[in-house]
Amino acid sequence: MEKFTPTFWLQRPIHWSLVFGLTSLLVSCGTNDIPIGPTSLNSRYTEEQPALSGNGRFLAFVSNRNGNQQLLVYDLERQLFISTPGINRQETIAESPSLSYTGRYISYLTSDQGRPVVALYDRATQQSQIVTPIYRGWVRKPNISPDGRYVVFETATRGQWDIEVLDRGPNIELDIPNGATVGSPP
């Protein structure tokens, strides 16, 4: 009759090189390498649809921080988020951002009565307005010109995707021509 001797997992031979390899992998992939916090560009949440201002200073993107989808603007030079009151409204989704040259104007897609519309946000006045209220078809992928005068987007008004160019007019205040940023001291 054979004698049964119980063995526990700690009594089995361990390949120490595998243990040390996995441990070093876990330590090197730690979250200490990625700055995470309220003023950090990176987070533990999904971030997508990045758009860079023409001067390369501002980054707009869609994030799922704080449990809901929102459009955020980040100042790459000062490494902090820019306040944009009025963009992220309750029960609406803001997506597909596009920035003018200095980031003064932001065009983006949002919803109005359940239908997607193109909106324009002015960081100088902190006001948002819908620029496609009369379009009956679906709209998508808005983009703003560097000076902020023109907004282009795709529309399905005719039953197919077409390109529309919206001229905001010659009397609008263009993106700051001298290159100064919004809110900078004189």
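The table for this structure:
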item	result
Selection status of Q70, at positive phi and at pLDDT 90 or above	no
Of all residues making up the stretch 73-87, the number that are among the β-branched types (V, I, T) and either farther than 17 Å from S107 by Cα or part of a strand (DSSP E or B) (or both)	2
Within the stretch 38-49, tally of residues that are in contact with a Phe, Trp or Tyr (Cβ under 6 Å, 6 or more places away or on another chain) and not in a strand (DSSP E or B)	1
Subset of the stretch 50-72 (residues that are open to solvent by 50 Å² or more (accessible area, probe 1.4 Å) and either part of a strand (DSSP E or B) or out of contact with any Pro (no Cβ under 7 Å at 6 or more places or on another chain) (or both))	P50, L52, N55, N64, N66, G67, N68, Q69
Qualifying residues in the stretch 73-107 (those that are among the hydrophobic types (A, V, I, L, M, F, W, C) and surrounded by 21 or more Cβ atoms within 10 Å (Cβ to Cβ)) - the one nearest to the chain's Cα centre (by Cα)	V73
Qualifying positions in the stretch 125-179 - under 17 Å from T102 (Cβ atoms), polar (S, T, N, Q) and surrounded by 13 or more Cβ atoms within 10 Å (Cβ to Cβ)	Q126, N143, S145
Residue under evaluation T7, criteria (1) assigned to a loop (DSSP other than H, G, I, E, B); (2) modelled with pLDDT of 75 or more, criterion not met	(2)
Index of the failed condition, Q49 passing every other in (1) in contact (Cβ under 8 Å) with a residue 24 or more places away in the chain; (2) under 20 Å from Q126 (Cα atoms)	(2)
Of the criteria (1) open to solvent by 60 Å² or more (accessible area, probe 1.4 Å); (2) in contact (Cβ under 8 Å) with a residue 12 or more places away in the chain; (3) not aliphatic (A, V, I, L, M), which one Q113 fails	(2)
Tabulated pairs, the stretch 52-66, first within 11 Å of L99 (Cα to Cα) and without any contact (Cβ under 8 Å) to a residue 40 or more places away in the chain, second of a type in the set (D, E, K, R) and in a strand (DSSP E or B), C-beta under 7 angstrom, 6+ apart or interchain	F61/E47; F61/E48
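The values are calculated or read from the model by the stated rules, or taken from the named source; none is laboratory data. All figures in this text were calculated on a predicted structure; none of them were measured in a lab. We place every Cβ from the backbone using ideal geometry, glycine too, and count neighbours over all the protein chains shown. For the accessible areas, the whole protein counts, side chains as well, though only heavy atoms, and no ligand, DNA or RNA atoms are used. Shrake-Rupley method; radii C 1.70, N 1.55, O 1.52, S 1.80 Å.
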